[in-house]
Amino acid sequence: MAYIIAVLLTAAILLFPIFLNIHLFFDIEKKKCCFSVYLLRFIRLHGGYITVCRQGIALHLSQKKAVLVPFRELLDTGKKFEITRGFILYGYSHLIEIGSEEFASALCAASLARIATCIASAYVVRKKHCSSFKGDVVCRCGNACFKVSVRLILLFNLALLLIALCKLLLRNILEKAENGKIG
């Protein structure tokens with residue numbers, strides 16, 4: 001009986017859905033994108049901000065620590081982020097704040113952003129099976145600004161994470177074996 005309970009408990013832990021919340025805030029005036037990552041909505045994993053510099057993208061993880069990602073490495077990131085394929089986009093919301101000194105240009109930009117939001121919503125809900133997609137646009141007249149706040153809710157489980165980690169380890173072993181570093 002104890003074995004059955006242990007197996008069921010292990011299966012429940014491996015298959016239990018885990019929510020990962022990612023918050024992004026981009027302000028064009030400050031030329032930075034702030035981010036924070038939460039597990040189960042209240043456990044903060046990390047936060048910081050991203051800036052663009054001449055050499056590439058600087059990911060500031062703390063006041064004294066930053067990671068520089070050169071632009072040429074960004075082109076090869078498709079294979080590195082293959083682990084995220086198993087994540088399900090459960091929810092998405094954004095707020096775009098657009099402003100201009102002229103009323104007509106601010107209204108035009110806000111209208112275009114709203115149309116793009118509607119098109120993206122139809123695609124994401126239908127093709128990516130997103131449960132919740134919300135997008136709002138704020139038009140500010142007489143004040144030039146462009147700010148975007150985004151909240152992503154990703155869903156995954158520990159079984160998926162373990163499979164992805166095994167896949168990464170096997171890929172690294174195979175690459176080292178091909179290069180002659182093993183055996």
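The values are calculated or read from the model by the stated rules, or taken from the named source; none is laboratory data. Quick caveat, the model's predicted, so the values are computed rather than measured. Please note: Cβ atoms are built from the backbone with ideal geometry, for glycine as well, and neighbour counts cover all protein chains shown. Keep in mind that these areas ignore ligands, DNA and RNA; they rest on the heavy atoms of the full protein, side chains included. Shrake-Rupley method; radii C 1.70, N 1.55, O 1.52, S 1.80 Å.
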(request) Find out how many positive minus negative residues lie around Tyr92, taking Lys and Arg as positive, Asp and Glu as negative, among other residues whose Cβ is under 11 Å from that of Tyr92. (result) +3
(request) Between the alpha-carbon centers of segment 106-167 and segment 1-71, tell me the distance in whole angstrom. (result) 17
(message) With a cut-off of 8 Å between alpha carbons and a minimum separation of six or more residues, what is the relative contact order of the chain in percent?
(response) 26
(message) Using a 7 Å offset from the Cα along the Cα-to-Cβ direction at both Tyr123 and Ile88, what is the distance between the two label points in nm, to one decimal?
(response) 2.2
(message) Out of the total accessible area of segment 1-67 (probe 1.4 Å, heavy atoms of protein only), what percent is carbon and sulfur?
(response) 71
(request) Across segment 33-183, how many lysine pairs, 8 or more positions apart or on different chains, have C-alpha atoms separated by under 29 Å? Please give the number. (result) 22
(request) Could you pull out every residue, at least 5 positions away or on a different chain, whose amide H is within less than 5 Å of the one on Ala144? Hs are placed 1.01 Å off N in the peptide plane, and Pro or chain starts have none. (result) Glu101
(message) Give me a comma-separated list of calculated 3J(HN,Hα) values for segment 35-41, in order, Karplus coefficients 6.51, -1.76, 1.60 applied at θ = phi - 60°, integers in Hz, x for any Gly or Pro.
(response) 9, 8, 10, 10, 9, 6, 6
(message) Before I look further, what does the chain give for accessible area per residue, probe 1.4 Å, in whole square angstrom?
(response) 73
